[in-house]
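For reference, the structure discussed in these notes is given below.
Every number in this text was worked out from the coordinates using simple rules, so none of it is lab data. Source: prediction; values computed, not measured. Every residue, glycine among them, receives a Cβ derived from its backbone with ideal geometry; neighbour counts consider all protein chains shown.
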Amino acid sequence: FLLASVHAATWFSCDGNTFCGASTVNYWGTVDLASGQSPPNGVANVWRWTFPLGMPGGQGVGNVWLPQPPDGAQEMWVQWYWKYSPGFIYNGIVNKHLYFYPSNTMGMGIIPDIGMNMLPQGPYMDNHWPNVNTSLWYVTPTGSWHKFKAYYKLNTGSTWNGIYRAWVDDVQVSNYTNVYYQDGTSALSDVAFVVIYGGASGDVPQTQYQYISNVYFGSTDPGGSAAVDTPPPSIRLHIFRQ
């Protein structure tokens with residue numbers, strides 16, 4: 001694995017075979033390493049979140065805290081591969097993967113009938129649904145690996161000029177250039193995989209799992225190819241947070 005000292009543009013990079021020095025915290029479920037999941041990079045282990053039967057909706061399974069971005073960082077690229085266990089039952093409100101500050105921003109969540117969402121929860125809280133490609137090939141069926149990549153750039157002062165762009169399996173799904181993340185000039189901080197089942201309702205109906213592998217955070221586009229087991233469609237045409 002690579003750490004920030006290897007390349008200035010890379011803040012954290014981990015193949016998923018270990019946690020690469022990131023810290024883990026368990027809440028209603030557990031986050032640990034699991035084998036036998038055939039991640040795209042072929043390593044033995046992946047990160048696994050266990051959602052226990054009966055866990056209340058709106059609660060966190062567990063967190064993986066990443067190293068702090070460089071001081072003053074205003075923009076960030078992220079990339080990882082994820083898979084839900086076969087037959088995973090989504091929370092109908094949202095299924096949260098990533099959070100960061102400012103504004104306790106949900107950097108990535110999946111809504112079953114909408115797809116990817118990004119949600120700054122600051123002075124002008126607003127959802128950012130897919131606005132480029134609204135296909136849901138990556139939502140159903142479960143049990144397949146997919147790649148998520150996104151770019152975030154904070155707005156400046158009180159100007160609506162923040163950026164959010166997202167891709168799934170190298171297909172762009174969202175492109176916003178008028179995002180309001182914050183008031184003032186805060187920097188990016190406290191980046192973590194904060195896996196939460198839902199908003200405020202819908203208990204977990206069965207024991208089920210989420211897996212993550214090939215994690216990258218940095219200041220440049222990581223590039224790379226799409227997940228191999230589910231092709232993208234033709235494009236002819238939420239410390240625990242809530």
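List the residues whose amide H sits under 5 Å from the amide H of residue 114, counting only those 5 or more places along or on another chain, with H placed 1.01 Å from N in the peptide plane.
For residue 114, no residues qualify.
Taking 1 over the mean of 1/r across every pair of different Cα atoms in segment 1-157, what Kirkwood radius in Å do you get?
17.1 Å
I'd like the Karplus ³J(HN,Hα) series for segment 148-164: coefficients 6.51, -1.76, 1.60, θ = phi - 60°, whole numbers in Hz, and an x wherever there's a Gly or Pro.
With the stated coefficients, segment 148-164 comes to 10, 9, 8, 10, 10, 9, 5, 6, 10, x, 10, 8, 7, 10, x, 10, 9 Hz.
So if I take the centroid of the Cα atoms in segment 34-71 and the same for segment 128-179, what is the distance between those two points in Å?
20 Å
Explain nothing, just compute: Karplus ³J(HN,Hα) = 6.51 cos²θ - 1.76 cosθ + 1.60, θ = phi - 60°, for every residue of segment 40-48 in order, whole Hz, x for Gly and Pro.
x, 8, x, 6, 6, 10, 9, 7, 10
So if we plug the beta-carbon distance of residue 25 and residue 200 into 1/(1 + (r/R0)^6) with R0 = 25 Å, what FRET efficiency do we get, rounded to 0.05?
The computed FRET efficiency comes out at 0.70.
List the residues, sorted by chain then number, that are 5 or more residues from residue 16 or on another chain and whose placed amide H is less than 5 Å from its amide H.
214, 215
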